[in-house]
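The structure appears right after this line, and notes come after that.
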Amino acid sequence: MNEFTRRRLIYGTATLAAYGLLLGVQRVCQSALADDTPEDDGPNQAAIVQFSDDGKRLGTVMLPKMRRSKPEWKKQLSPLQFDVTRRGATEWAYTGALYDQHAAGIYRCIDCANALFESSAKFDSGTGWPSFWAPIAKENVYTGQDVGYGMVRTEVKCSLCDAHLGHVFTDGPQPTGLRYCMNSAALRFLPR
């Protein structure tokens, strides 16, 4: 092994270790402060498009936003689901149950069961997370700026309960050119 290759291996390993340490420290800090953070006091209602479990569009309805305290969310969700949806964490690539799911069906929010994505919009992005080129209805999700982990990204949230779902990027396939990169821990898949 020549000196240049050995040096690249050492620096690459050190970079990955430092990034992992940074992620770990950020998660610990989020955990320490999470229960002190109040729920978002945004709008009290959301207009969403309802869908049956087989993907049939039922119509647009105005529903009250689902608001719960952190202890109530913790009772309902697994620790990973809570970290992802209520604290904005990201699961590790290729560890989620749905990244390699190819069956026909609908993806709902793990927190409130709002319909989010249809399997026909899912594609293999090679990233290790479930990826979609569009939501099932634009009303059912909303986006905002996320500056966590030292990056500026566009965060995707559930319109009904404000759960963090993942991020959207502009490197997806046509017809939208978007890649909704979601966390498996934020989704519940219902096969057809």
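A short reminder: the numbers here are calculations on the coordinates, not readings from a lab. Only a predicted model underlies this, so the values are computations on that prediction, with no experimental measurement involved. FYI the Cβ positions are ideal-geometry reconstructions off the backbone, even for glycines, and counts take in every protein chain you see.
Amide H contacts for Phe169 (H built 1.01 Å from N in the peptide plane; partners 5 or more residues away or on another chain; cut-off under 5 Å): Arg179, Tyr180, Cys181. Straight-distance candidates among the lysines for linking to Lys75, with alpha-carbon spacing under 22 Å and chain neighbours fewer than 8 residues away dropped: Lys65, Lys157.
Across the alpha-carbon atoms of the stretch 36-97, the computed radius of gyration and Dmax are 15.0, 40 angstrom. Annotation: lysines with alpha-carbon distance below 16 angstrom to Lys56 (same-chain offsets under eight excluded): Lys138.
Across the stretch 142-158, computed HN-Hα scalar couplings (Karplus, 6.51 cos²θ - 1.76 cosθ + 1.60, θ = phi - 60°) run 9, 10, x, 7, 10, 10, x, 6, x, 10, 10, 9, 9, 7, 10, 10, 6 Hz from first to last residue, x flagging Gly and Pro.
Highest-first packing order for the peptide set 82-94, 157-169, 137-149 is 157-169, 82-94, 137-149, based on the mean count of other beta carbon atoms within 10 Å. Rg/Rh for the stretch 55-130 stands at 1.00; both radii use Cα atoms, and Rh follows the Kirkwood definition. Computed log10 I(q)/I(0) for the stretch 123-192 at 0.18, 0.23 Å⁻¹: -0.70, -1.15, from the Debye equation with unit scatterers placed on every C-alpha and solvent omitted. The spacing between the stretch 150-192 and the stretch 65-116, judged by their C-alpha centroids, is 11 Å. Can you compute the label reach from Ala104? Point 7 Å from Cα along the Cβ direction, backbone N cut-off under 14 Å, restricted to the stretch 151-192. Under 14 Å, as judged by backbone N against the label point of Ala104, lie 191-192 of the stretch 151-192. With the simple spin-label model, which puts each label point 7 Å out from Cα in the Cβ direction, the Gln45 to Arg6 separation comes to 7.0 nm. Under 5 Å from the amide H of Leu116 lie the amide H atoms of Tyr107, Arg108, Cys109, each residue being 5 or more positions distant or on a separate chain, with H modelled from the backbone and absent for Pro and chain starts. Across the stretch 53-69, rounded Karplus estimates of 3J(HN,Hα) from the backbone phi angles (6.51 cos²θ - 1.76 cosθ + 1.60, θ = phi - 60°) give 5, 8, x, 6, 5, 9, x, 8, 9, 9, 10, x, 4, 7, 10, 9, 6 Hz, Gly and Pro being marked x. Backbone phi angles across the stretch 172-189, fed through the Karplus curve with coefficients 6.51, -1.76 and 1.60 (θ = phi - 60°), yield HN-Hα couplings of x, x, 6, x, 9, x, 10, 10, 7, 9, 9, 8, 4, 5, 8, 10, 10, 9 Hz in residue order; Gly and Pro are listed as x.
Here the stretch 39-191 is described by how far its Cα atoms reach on the three principal axes: 39, 36, 25 Å, from widest to narrowest.
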